[in-house]
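J.: Here it is, the structure in full.
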Amino acid sequence: MKTEVVRVSTGNVAELLQAPASALRRGEIVAFPTETVYGLGANALIEAAVQQIFLLKGRPQDNPLIVHLADKTKIEQLAKNIPQEFYQLYEAFCPGPLTFILEKTDLLPEIVSAGLSTVAIRFPDQRVSQELLRLADVPVVAPSANISGRPSATRASHVLDDFEDKIPFIVDDGATELGVESTVLDLCSQVPRILRPGVITADDIRVRTGIEVLPFSEGLNETDLRRPASPGLKYRHYSPEAKVIQVCGDHEKSLETVVLSVLKQHSNQKLGLFINEESWNKLRLEADIGEREVVEYLFSAENPHGSAAHELYAALRALDAAGVDVILAEAVPGAEAYMNRLDRACASESPPVQEQVKKILFVCTGNTCRSPMAAALFNAYAEEKQQASPIRWRVLSAGLHTMDGLAASDHAVSVLREIGIDISRHKSAQLTEEMLAEADIIATMTRSQRDLLQAFLPEQENKIKTLSEWALEQEADFARDVSDPFAQSEAVYRETRNQLQALIESLWQQINLLHAE
Ligand code: TXA
Ligand code: MG
């Protein structure tokens with residue numbers, strides 16, 4: 001798919017947004033700017049569209065999405081028992097960078113809220129988001145438009161970096177105004193509390209409305225076990241490839257001194273700097289800087305709070321693209337949202353994820369050609385990608401009608417050997433009830449094999465699909481069945497291998513998302 005970039009800097013915005021708005025309404029994915037960051041939008045009422053967002057981002061299924069509306073006209077359809085505070089806060093801050101957690105109705109598919117009884121709603125204050133939401137006239141889920149874990153997108157080019165030709169539309173309205181995501185405010189807890197800091201702070205809320213809310217506190221997720229706070233808080237976020245180190249001057253040492261000493265500690269590495277202009281102007285004159293390979297990305301010294309937040313994600317992405325090993329980023333004390341994102345970009349490890357072991361079972365007829373090839377290809381792929389997945393896969397293959405102990409067919413062995421995979425020691429296995437019961441995922445080669453197994457295990461039919469269905473290629477008719485190359489030429493085996501390889505690759509993406517907990 002070719003991504004169409006709709007630039008709205010010139011021309012009639014409403015006219016330009018017609019096509020993206022109808023696409024959004026139909027269930028297609030449209031990336032668009034808000035005042036905070038770019039969002040990856042989908043019609044919240046269409047489950048398949050929302051599912052697509054999770055898949056595209058590689059987002060864990062338990063991390064709910066924010067529903068975007070132009071205004072509060074239809075809020076009662078989406079939320080119930082709405083407290084009075086909501087209306088007061090709405091008057092004071094909306095449209096604007098404030099997300100409300102409210103009790104949800106049953107209108108939205110479960111997947112939007114990841115099974116929680118609450119829903120997050122916000123009213124973005126940006127001409128494109130406003131117009132798009134009005135034209136589409138449906139609630140729109142829009143997580144930040146970045147691959148999960150990466151820095152959020154504050155320019156259309158960032159969205160292209162992550163999703164080019166994977167989504168039909170990106171609306172480009174230049175750099176976003178604020179640069180950090182909205183404040184998430186929980187209105188379902190005893191006392192309203194901030195779950196994610198943003199530009200609007202607890203102080204702002206008290207001053208403008210008199211409403212007391214608990215400010216954001218880091219330990220929230222660990223200490224409050226009564227109900228899940230913001231599930232998004234527990235995941236690795238905003239992380240560039242490079243290691244990020246915070247640097248900060250104080251009355252004893254200037255920022256420049258600190259930078260120079262950290263620079264010395266990383267003598268063999270290519271450094272990126274994200275600091276204010278004024279400090280850079282002093283630093284660049286230092287001999288130590290002149291001799292080193294340093295890439296700088298600067299923010300304004302006059303308005304460090306706003307400017308650092310505005311540029312943070314762009315800086316992390318640009319410095320990554322410049323190939324630096326380490327990024328020294330200036331801490332701006334008091335800039336709550338910026339510091340929260342920077343802290344998280346610095347966190348070297350994601351919180352320990354419990355390792356899960358799951359079983360995948362490939363089934364064909366004789367377990368001498370297709371299923372052993374599929375299993376071996378999966379293993380090879382898993383070995384390469386394992387690091388990125390919280391799941392350890394155990395891989396098995398079996399045949400519906402076979403005997404134990406047959407070798408893989410010669411051509412299967414030879415076409416896999418061509419790509420460095422050895423299945424010469426494979427021994428066929430007859431499918432057993434036990435194997436079926438123990439597998440978490442069963443992938444058959446054909447639809448008739450799938451039907452047979454589903455009839456056998458009706459109560460677990462969800463875990464049985466054809467390989468193409470797992471790989472989500474069921475629309476492409478030709479891809480549905482992997483046909484049996486048995487007794488045919490080596491060339492046919494090679495084609496089967498290529499087909500399996502492509503399917504395994506998408507299967508890997510899909511199941512690691514679905515099974516990540
Ligand atoms: O500024 C923003 O809010 C941007 C723009 C595009 O609108 N969107 C955004 O979405 O940041 P996302 O998906 O990247 O972050 C949503 C955050 C996550 O931390 C998620 O866990 C939390 O909101 N969240 C969503 N629904 C929730 C709920 N029902 N209860 C608690 N937290 C929720
Ligand atoms: Mg995000």
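The values are calculated or read from the model by the stated rules, or taken from the named source; none is laboratory data. The shown structure was predicted, so the numbers you read here are calculated from the model rather than taken from an experiment. All Cβ positions, glycine included, derive from the backbone under ideal geometry; neighbour counts span all protein chains shown.
Listed here are the residues, each with its yes/no results for (1) modelled with pLDDT under 95; (2) within 14 Å of ligand 2 (Cβ to nearest atom).
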site	(1), (2)
Gly174	no, no
Ser182	no, yes
Val191	yes, no
Ile200	no, no
Ile205	no, no
Gly210	no, no
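J.: Here is a further query. Within region 139-147, is even one residue more than 26 Å from Arg344 (Cα to Cα) and touching a His at 6+ places or on another chain (Cβ under 9 Å)?
T.: Yes, there is a match, as at least one residue in region 139-147 is more than 26 Å from Arg344 (Cα to Cα) and touching a His at 6+ places or on another chain (Cβ under 9 Å).
J.: Go through (1) within 24 Å of Ser239 (Cα to Cα); (2) of a type in the set (Val, Ile, Thr); (3) more than 15 Å from ligand 1 (Cβ to nearest atom) one by one and return the number of the condition Val199 breaks.
T.: Only one criterion in (1) within 24 Å of Ser239 (Cα to Cα); (2) of a type in the set (Val, Ile, Thr); (3) more than 15 Å from ligand 1 (Cβ to nearest atom) is unmet by Val199, namely (3).
J.: Considering only region 444-465, I want to know if a residue exists there that is surrounded by 15 or more Cβ atoms within 10 Å (Cβ to Cβ), among the small types (Gly, Ala, Ser) and at negative phi.
T.: Within region 444-465 (the criterion being surrounded by 15 or more Cβ atoms within 10 Å (Cβ to Cβ), among the small types (Gly, Ala, Ser) and at negative phi), the answer is no, since none of the residues qualifies.
J.: Here's a follow-up. For Val128, state whether it is crowded, with 24+ Cβ neighbours inside 10 Å, modelled with pLDDT of 95 or more and β-branched (Val, Ile, Thr). It would help to see each step written out before you state the result.
T.: Numbers: crowded, with 24+ Cβ neighbours inside 10 Å: no; modelled with pLDDT of 95 or more: yes; β-branched (Val, Ile, Thr): yes.
Answer is no for this residue.
J.: Also, quick follow-up: Tell me, which strands (runs of 3 or more DSSP E) lie completely within region 29-143 with 2 or more residues that are charged (D, E, K, R) and away from ligand 2 (no atom under 16 Å from the Cβ)?
T.: Answer list for region 29-143: 98-104.
J.: Condition first: within 16 Å of ligand 1 (Cβ to nearest atom) and either exposed (fewer than 15 other Cβ atoms within 10 Å of the Cβ) or of a type outside the set (A, V, I, L, M) (or both). Now tell me which residues in region 3-48 satisfy that.
T.: Across region 3-48, the qualifying residues are Pro20, Phe32, Pro33, Thr34, Glu35, Thr36, Tyr38, Gly39, Gly41, Asn43.
J.: Next up: Please state which one of Arg134, Arg150 is of a type outside the set (Asp, Glu), touching a residue at least 12 places away in the same chain (Cβ under 8 Å) and over 17 Å from Phe54 (Cα atoms).
T.: Testing whether each residue is of a type outside the set (Asp, Glu), touching a residue at least 12 places away in the same chain (Cβ under 8 Å) and over 17 Å from Phe54 (Cα atoms) leaves just Arg134.
J.: With respect to Val415, is the statement that it is in contact with an Asp or Glu (Cβ under 7 Å, 6 or more places away or on another chain) and surrounded by 13 or more Cβ atoms within 10 Å (Cβ to Cβ) true? Give the steps one after another, and end with the answer.
T.: Working: in contact with an Asp or Glu (Cβ under 7 Å, 6 or more places away or on another chain): yes; surrounded by 13 or more Cβ atoms within 10 Å (Cβ to Cβ): yes.
Spelling it out, Val415 is indeed in contact with an Asp or Glu (Cβ under 7 Å, 6 or more places away or on another chain) and surrounded by 13 or more Cβ atoms within 10 Å (Cβ to Cβ).
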